[in-house]
1. Of the residues that sit in region A:98-113 and are more than 7 Å from every other protein chain (Cβ to nearest Cβ) and in a loop (DSSP other than H, G, I, E, B), which one is farthest from A:Pro362 (Cα to Cα)?
2. Which count do you get for residues in region A:158-188 that are small (Gly, Ala, Ser) and open to solvent by 10 Å² or more (accessible area, probe 1.4 Å)?
3. Being under 28 Å from A:Asp325 (Cβ atoms) and in contact with a Phe, Trp or Tyr (Cβ under 7 Å, 6 or more places away or on another chain) narrows it down to one of A:Glu248, A:Glu265, A:Glu257, A:Glu287, so name that one.
4. Please determine whether any residue of region B:176-188 is within 11 Å of chain A (Cβ to nearest Cβ), assigned to a loop (DSSP other than H, G, I, E, B), of a type outside the set (S, T, N, Q) and over 21 Å from B:Arg38 (Cβ atoms).
5. A:Ile71 - would you say it is at pLDDT 95 or above, more than 16 Å from B:Ser345 (Cβ to Cβ) and at the interface with chain B (Cβ under 10 Å from one of its Cβ atoms)?
6. So, of the residues in region A:282-316 that are open to solvent by 20 Å² or more (accessible area, probe 1.4 Å) and among the charged types (D, E, K, R), which turns out to be farthest from A:Ala348 (Cα to Cα)?
7. Given A:Leu188, A:Leu175, which one is touching a Phe, Trp or Tyr at 6+ places or on another chain (Cβ under 6 Å) and under 29 Å from A:Arg459 (Cα atoms)?
8. If you scan region B:102-128, which residues turn out to be of a type in the set (Val, Ile, Thr) and open to solvent by 10 Å² or more (accessible area, probe 1.4 Å)?
Amino acid sequence: MASSTGDRSQAVRHGLRAKVLTLDGMNPRVRRVEYAVRGPIVQRALELEQELRQVIRANIGDAQAMGQRPITFLRQVLALCVNPDLLSSPNFPDDAKKRAERILQACGGHSLGAYSVSSGIQLIREDVARYIERRDGGIPADPNNVFLSTGASDAIVTVLKLLVAGEGHTRTGVLIPIPQYPLYSATLAELGAVQVDYYLDEERAWALDVAELHRALGQARDHCRPRALCVINPGNPTGQVQTRECIEAVIRFAFEERLFLLADEVYQDNVYAAGSQFHSFKKVLMEMGPPYAGQQELASFHSTSKGYMGECGFRGGYVEVVNMDAAVQQQMLKLMSVRLCPPVPGQALLDLVVSPPAPTDPSFAQFQAEKQAVLAELAAKAKLTEQVFNEAPGISCNPVQGAMYSFPRVQLPPRAVERAQELGLAPDMFFCLRLLEETGICVVPGSGFGQREGTYHFRMTILPPLEKLRLLLEKLSRFHAKFTLEYS
Amino acid sequence: MASSTGDRSQAVRHGLRAKVLTLDGMNPRVRRVEYAVRGPIVQRALELEQELRQGVKKPFTEVIRANIGDAQAMGQRPITFLRQVLALCVNPDLLSSPNFPDDAKKRAERILQACGGHSLGAYSVSSGIQLIREDVARYIERRDGGIPADPNNVFLSTGASDAIVTVLKLLVAGEGHTRTGVLIPIPQYPLYSATLAELGAVQVDYYLDEERAWALDVAELHRALGQARDHCRPRALCVINPGNPTGQVQTRECIEAVIRFAFEERLFLLADEVYQDNVYAAGSQFHSFKKVLMEMGPPYAGQQELASFHSTSKGYMGECGFRGGYVEVVNMDAAVQQQMLKLMSVRLCPPVPGQALLDLVVSPPAPTDPSFAQFQAELGLAPDMFFCLRLLEETGICVVPGSGFGQREGTYHFRMTILPPLEKLRLLLEKLSRFHAKFTLEYS
C-alpha cells in the first residue's frame, strides 16, 4: 500500500488535492493498534493463497475452519428457530423442537429477526445464570448481572471502556499478562489507557506469580493509575490452567491493591491435562467469603467460539459482573443499548450451550458422543503437540494444559536475529515468514503476544485434524532444524 | 438505582469500602453518552409491562411499542426465501429435504462453499466473506445504473451501526480547538451523538427545515460550519437519507449541493442510507450518494471521500436481530483503508449468519427462479407489477399488470391498448420488446 506521502505527491502531480482523511491526520490511537492474530503474517498467507499456494492456517482459534463439525443438536434447534415451518417436519427430534419453540416465544414477534433487549433475551440470561450456578456448585448467579454480547470480545471492550479515565500520570492503567491475547493491548491502545505488563513464568509452565504482579504494579504507579487486572484462564496463547491457590492469591492481591478484576474464561471447557482443573474466579471469590466475596469487583467472560462447539461465526458470548457499582452497571447497559443488541442467532446458540440436552432427552446420547469426541481429540492433539515439539532440539514447549494453542519457545541463531534486524523484522516474525514461504504453515510470531526480551516464540493452534497435525508438527520441526543450520 | 454517593455512605455504615469503579471515577465520556431510543421512556415502558403482567390495573391493557424501528417485533413476517436459505446454511442436512426449493438449496450451497470449513460457524475474513462482498458490489452497481463498485471497497459489518462507529473513530484527532468536529443533522438518529460523545469528538448541529418537509439546506450547512470553525476542526458531514427520525427523502439537487459543499469545505461524507428500500411517497425517489457523486464527474467523482452505509435491519426484510450490514468507501486514502481493516480485525468478523442474510438481500431471486413469485408476493409486489413498474421507469410506457385482471398461478401478463397511432404503436411495441429482453438479461 502506498504511503500517504507518496499518495499526496502523486496526487499533486496529477493536479489532485490531498485527501481529507490521511494517515497523518487520522486518529493517532487507532494507528497504534496492533492485532497480530490477523496481522502481517496472515496478510502474507492470503497473498500466497491467492497465488494458489497451499497454506495451513494454524494462526487462529477457529475449530470449524479446520474441519471440526458443528454439534448436531445445536444446529437443529437453530434451523428450527430460523425457519419455524420446520417445526412440522418429522426429521427433527422433539426436544430440539421444544427448545426452539421456547426460544422463539421469548423473541419479539416470535422471530430471531427482532431486536432483543440490549442485555440479551431475558430467558437466555436466566439460563446463563443457571449454568453459572451449576458450574459453580450452587453459588447463586443473578440474571440481572448477566449481559449477552457479540462474542466475549465485545463485552471485554465494553468493560475496559468504563474503566478508562484520568490524564497523564492519573491515566487508567490496566495490568495484562505477557504473553496475552492481543485484543487487550489493541483495546488499551485504542482507548488511550496505559498497558501494564506482568510476565507469566515460562519456567513454571506459565504460572502467574503474585510477586510479579507486585513488581508490575509498583513500577506502574509512578506513571499511571492502575485500576484493573486482566487474567486469561485457561491462558491464551499459553494454555496454562491456573491452580486454585493462584486464583485465590490473585483475588487477594486485587482486593488489597484496589483493582477491578477481568477474568477471561472463554476456554473454561477446554481443559486437557491430567491434574489440571478449571476454577472459576466467581466460585473461588465467593468461597473466600468476606471481605472479598461481597466487595471484590469482578467481570468474567465466556463465549460460544471455543469449547466443544467452536461456533466462532455466530459471535455469541456473555459477561457476568459481580459486585459492580449499581450506577456504573446502569451506565454499562446504556453503552450496550447504543448498539441495540447482540446478534440474536448467537444468543440462541448460547442458550443451547448453557442448557444442553438432559440425560432423559432424545438428543442426549448423540450430543454427548459428539461433545466427548471433540474434547478427546483436542486433548490428544494438545498432548501430541507438546511431545513432538519437545523432541525437537531448539524447540521447547510447555504442557498445553488447556485452550487451543501451543506457544513453544524457539532458539534462533544470532545470525538469523541479525538478518531479521536488517530487514526491520522481529526475529520471530522473520522465522514465521520463512516458515510460511517454505512450508505453507501459518503461525503467529510470539512478538504479537508479548514475551520476555531476547526470547522467541510462536503460537500455533492444535486444531488441524490429528494426523494432519502430526505431519505439520514434524514438518515445522524439520524446518526449524534447517533454518538453524542455514544461519549457523 | 441508588446513586454512588448513597452507595458509599451505606457502604461505610456497613464497614465496607468504596468501590474501585464508581460513577465519579468512570470514563467521563461514557457518562455523557445518551441514547433515547432505548432510554428512560423505554425503561419505564418495561416496568409498566411488568406491572401489567402482575395484574396491576391501568387505563390500557398493553403497552404498544412504537419506539424502535423493529418491524418483526410488531408482527411483520420474515421473507420465506431468506429464512429457507439461512436454515439450509445453519443445518446443511436439510439440503436433502424435498421441502426446500432448488434455488434456495443452490444459494445455501454457494454461501457454504465460501465459508471456512463450509460452515457458518467459522470466522470469516474481517471485511466479510469475499463472495458476499462481490455480491454486494454487484448490487450497488445494479442500484446505481451500472456505475462500478469494487468489492475491495465493501466491508461487511455488525449492522450499519458498527461500520458508522468504525469510520467515525478513524476521523477523531486533535485537541481543544483542533479537535475533530462532525456535522450531524438535527433531528438525528442518536447513534451519532452517542458515538461522538463517547469518542470525545465535537458535535456540530445543522438543522433540517421542518417548514419544507425537513429539507436539507446548504445555507444552513454553511451557517453551522462557520460557527463550528472557531472551536473545533470540522472534518466530516453526516447525512441520513431517507431520514431518521424525519423520513424525508432528499432530492437529487440537494444531494448534489451537499456533495459540492463537502468538497469545497474538505469534509468526509458519511451517507447513512439504511432506509434506501423504504421510500413510499409518490414523487420521492432514493438517489444514492455514490451514484450522484460519480455522475457529477470531476473534480468530485475522483476525489470526494464518501462512506455509504446499508443494513438488513430495515427495508422489506426487517431482520434487525441478525445484525447484517455493510459500508462502501469511495475515494478513501489507501493507507487509511488498511487502518480501517486493521481496526475491524481486532473484533475478528461480523456475525456470519448476518453476512449470509445480506447476501440474499443484495441478490434476491431472479424472475426465472422457483422462489421468485412468492418472494415478490411477500414483498407485496406481484411479479408482473414489478415488471410493469420497471417498464414505466425506464421507457415511460404505462401498461397494466395482469395480476390486476387475474391469471393462472405462475403466469404473468400485461394489458396494453392498441390505440396509439400505427407508427407510434410500432415503435412502442419494439421498445417494450427490447426492454423485456434487457430485463430478462439483467435478472439472469
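1. A:Cys107
2. So the count comes out to 4.
3. Values: A:Glu248 fails: in contact with a Phe, Trp or Tyr (Cβ under 7 Å, 6 or more places away or on another chain); A:Glu257 fails: in contact with a Phe, Trp or Tyr (Cβ under 7 Å, 6 or more places away or on another chain); A:Glu287 fails: in contact with a Phe, Trp or Tyr (Cβ under 7 Å, 6 or more places away or on another chain).
After ruling out the rest, the residue left standing is A:Glu265.
4. No.
5. yes
6. My answer is A:Glu287.
7. Testing whether each residue is touching a Phe, Trp or Tyr at 6+ places or on another chain (Cβ under 6 Å) and under 29 Å from A:Arg459 (Cα atoms) leaves just A:Leu175.
8. Step one: list which residues in region B:102-128 are of a type in the set (Val, Ile, Thr), which gives B:111, B:125.
Listed by number, the list holds a single entry, B:Val125.
The values are calculated or read from the model by the stated rules, or taken from the named source; none is laboratory data. Predicted, not measured: the structure shown is a model, and the values here were computed from it. No Cβ is skipped: glycine too gets one built from the backbone with ideal geometry, and neighbour counts run over all protein chains shown. Just the protein is used for accessible areas: all its heavy atoms, side chains included, with ligands, DNA and RNA removed. Shrake-Rupley method; radii C 1.70, N 1.55, O 1.52, S 1.80 Å.
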